[in-house]
Amino acid sequence: MKVMEWKKPTISVFKEKSDKQEHKPFAVIKAQKISLKKTEKRSYNGEIIDFFVFMGDIDCINSDEGIRDNYVLC
């Protein structure tokens, strides 16, 4: 499958919640590159390469509680 790439994207990170929509991101990051590839199972795999945080704290994403959550990247 073809890999899609974006150079120098700014990415807003939201927690995905079914009970209410989030209007403000909990983190904003700037990356050197983001790549995305569609898999055979109609899902996506991707990488965010060389990034730094503009706003917020993304350490919670790797925590036990954060791994259970779903996230939306815009």
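Taken together, the values in this text are just the output of simple stated rules run on the coordinates, not laboratory data. If you're wondering where the values come from, they're calculated on a predicted model, not measured in any experiment. Here the Cβ positions follow ideal geometry from the backbone for every residue, glycine too, while neighbour counts run over all protein chains shown.
The table that follows gives values for the structure above.
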| quantity | calculated |
| --- | --- |
| Peptides ranked, highest mean first, by Cβ atoms within 10 Å: ranges 16-22, 2-8, 48-54 | 48-54, 2-8, 16-22 |
| Of the trypsin sites (Lys or Arg not before Pro) in the stretch 28-74, those whose Cβ has at most 15 other Cβ within 10 Å and which sit in DSSP loop | K41, R42 |
| Förster-model FRET efficiency, 22 Å R0, T39 and R68, C-beta, rounded to 0.05 | 0.50 |
| Residues S63, S35 arranged by fewest to most Cβ contacts within 10 Å | S63, S35 |
| Extreme residue, positive dipole direction of the stretch 4-58, given options V28, Y44, G56 (C-beta unit charges) | Y44 |
| Stretchable slack from M4 to D50, in nm (0.36 nm times residue separation minus alpha-carbon distance) | 14.9 nm |
| Dipole magnitude (debye, nearest 20) for the stretch 3-73, charges at Cβ of Lys, Arg, Asp, Glu | 420 debye |
| Mean Cα-pair separation over length for the chain, i.e. relative contact order, pairs under 8 Å, 6 or more apart, % | 35 percent |
| Lysines with Cα under 21 Å of K37, excluding same-chain neighbours fewer than 8 positions away | K2, K7, K8 |
